[in-house]
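This report concerns only the one structure given below.
All of the numbers you see were taken from the coordinates with simple rules; none came from a lab. Computed from a prediction, not measured in an experiment: that's the story for all the values here. With ideal geometry, Cβ positions are generated from the backbone for all residues, glycine too; neighbour counts draw on all protein chains shown.
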Amino acid sequence: MPTGGRARNYIEKMISPERAAELRNEGWKWADLHVHTTCSFDVMPAEELKPENLYQKALDMGLDFITFTDHDTVEAYEALGWERERLVTGVEMTVYDPERVGHTVHVNVFDFDREEFIELREITKGEQIMENFLGYLRKHDLPFLYNHPLWADFHQEPDPETVMELARLFPVLEYNMHELKLKNELTLALAEKFGKGVAATTDTHTGKLGEAYTLAEGESFREFFGNIEKGRNYIVTEDLTREFLIAEMNDWIDLIFEKSPTKEKKSFLTGIKPIDTLVKFSTNGILNVSPRLNRTTVNLLYLISKSGLPASLYLHSEESLAKEMQENMKRGIRLGKQK
């Protein structure tokens with residue numbers, strides 16, 4: 001039986017869904033700590049993705065702690081109410097500190113109240129100083145984690161040394177279902193190097209909550225997260241593969257054309273280029289003129305998606321960037337040892 005203690009090899013924390021089910025039967029709690037609703041700017045306005053429906057889905061699935069981490073907003077909690085069964089407040093904060101970091105960083109924060117959120121938003125929208133933001137989180141004893149550490153916004157590149165320095169400052173790093181396996185492996189390596197906790201999440205924008213998740217003991221969310229910080233947890237993971245990306249693209253096509261009212265279609269960037277291309281094309285006003293043109297477009301997009309070509313091209317590009325990052329991180333670690 002696993003002890004839940006901090007493993008020297010973080011790969012040991014990765015367990016199968018079958019083993020996870022056994023642990024849950026023994027009283028271990030499980031949660032997906034990165035889920036988006038229609039309150040996020042980059043989620044299509046489909047009925048099934050509204051906070052109330054995702055909340056009910058999470059209850060039906062038996063998640064022990066339910067949190068929604070929309071981008072820089074708590075609209076989901078204003079809609080649901082701030083106190084519901086198993087509900088834990090959450091938000092994905094965007095922090096752009098151009099002087100000290102140089103690229104956009106996403107941070108999930110949990111178990112805060114409305115006033116604390118307002119104060120956090122003032123820091124991220126105003127002074128934009130990472131040190132002050134993290135200082136506030138520590139001062140107020142708020143649980144937080146470093147989302148997809150090797151990710152950067154468009155036209156930005158994360159500096160390996162900066163990523164490593166940031167990893168030192170966070171209690172928990174994220175193993176993200178929408179990242180390549182190599183990127184997630186590098187995140188595990190960072191966690192192991194600096195003795196940080198690891199949480200597996202879906203970062204879902206299409207309602208696939210709970211396909212990756214974290215297990216730990218704890219009667220309260222604070223106890224649960226505290227055990228993650230201490231490395232007393234396990235994760236059930238998924239990685240971005242060709243098959244996964246094809247399925248995700250098909251889900252987006254379905255959401256855009258079949259499940260989202262035409263008048264509410266959004267224009268946004270997801271960070272996954274093949275999806276962004278089809279979103280930009282599908283939200284073009286021309287497609288709303290003719291239902292026949294719309295249906296032809298849907299069929300064509302499905303055909304292109306199922307061919308696997310966009311997925312393969314994107315993954316090849318991401319893998320090249322991940323390998324470059326891996327070499328740069330290795331070089332940074334060697335230089336650090338020499339110092």
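Using a Förster radius of 25 Å, what is the FRET efficiency between Ile118 and Glu219 based on their Cβ-Cβ separation? Nearest 0.05, please.
The pair Ile118/Glu219 has a calculated efficiency of 0.30.
Between Asn299 and Glu78, what is the spin-label point distance in nm, taking each point 7 Å from the Cα along the Cα→C-beta axis?
4.3
Label Lys306 and Ser16 with points 7 Å out from Cα along Cα→Cβ: what is the distance between them in nm?
Distance between label points: 3.2 nm.
Counting Lys and Arg as +1 and Asp and Glu as -1, each charge on the Cβ, what is the dipole of segment 10-236 about the Cα centre in debye, to the nearest 20?
Details: 23 positive and 44 negative charges, 119 e Å.
Charge dipole, segment 10-236, about its Cα centre: 580 debye, nearest 20.
Taking amide hydrogens as modeled 1.01 Å from N in the peptide plane, which residues meet the under 5 Å criterion relative to Glu179, leaving out close sequence neighbours?
Under 5 Å from the amide H of Glu179: Leu240.
Compute the signed sum of charges (Lys and Arg +1, Asp and Glu -1) over the other residues within less than 12 Å, Cβ to Cβ, of Glu48.
-1
Within segment 145-169, find all residues whose amide N lies under 19 Å from a label point positioned 7 Å from the Cα of Asn328 along Cα-to-beta-carbon.
It comes to 147-169, nothing else.
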